[in-house]
Amino acid sequence: QVQLAESGGGLVQPGGSLRLSCAASGSIFSLNAMGWYRQAPGAQRELVAEITSDGRTNYADFVKGRFTISRDNAKSTVYLQMNSLNAEDTAVYLCNVNAKYAMWRASNLFWGQGIQVTVSS
């Protein structure tokens, strides 16, 4: 199994920045795409950003130019640098990882438990 440890959330003022981290651990054969989703109260879960194993990225329109996703394969960790935060960014952010924990196993999606990001003055 693969476990995901998320960190970096919290309360920040409008215009501020936060950096989210998600470290994968456990029996990992390979890590494929990694990304971040978010879900605000009463809203649908939506993709924020994702990054493939070779570094290709994909961003939601509402974060382009403000957020940057990156990964450190040696640490099995994906990061989300969030700048110019506004109240609309307030949500629970969830780490998502496509991984294979054994050579003979198919790839599966793994989810973090979610961390709160609150943007408020």
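The values are calculated or read from the model by the stated rules, or taken from the named source; none is laboratory data. What you are looking at is a predicted structure, and each value in this text was computed from that prediction instead of being measured. Every residue, glycine among them, receives a Cβ derived from its backbone with ideal geometry; neighbour counts consider all protein chains shown. Ligands, DNA and RNA are excluded from the accessible area calculation, which covers all protein heavy atoms including side chains. Shrake-Rupley method; radii C 1.70, N 1.55, O 1.52, S 1.80 Å.
Remark: accessible surface ordering of GLU6, GLU88, GLU46 (largest first) is GLU88, GLU46, GLU6, probe radius 1.4 Å. The accessible-area ordering, largest first, of the residues ILE69, ILE115 stands as ILE115, ILE69, per a 1.4 angstrom probe. Here the spin labels are modelled as points 7 Å beyond Cα on the Cα-Cβ line, and at THR57 and SER84 they lie 1.4 nm apart.
Histogrammed with a bin width of 10 Å, the alpha carbon distances of the stretch 72-111 distribute as 21, 40, 26, 11, 2 percent, first bin at zero. Largest first, the extents of the alpha carbon coordinates of the chain on the three principal axes equal 49, 25, 23 Å. Note on the chain: GNM, Cα springs under 10 Å; of GLN44, GLN81, GLN13, the largest mean-square fluctuation is that of GLN44.
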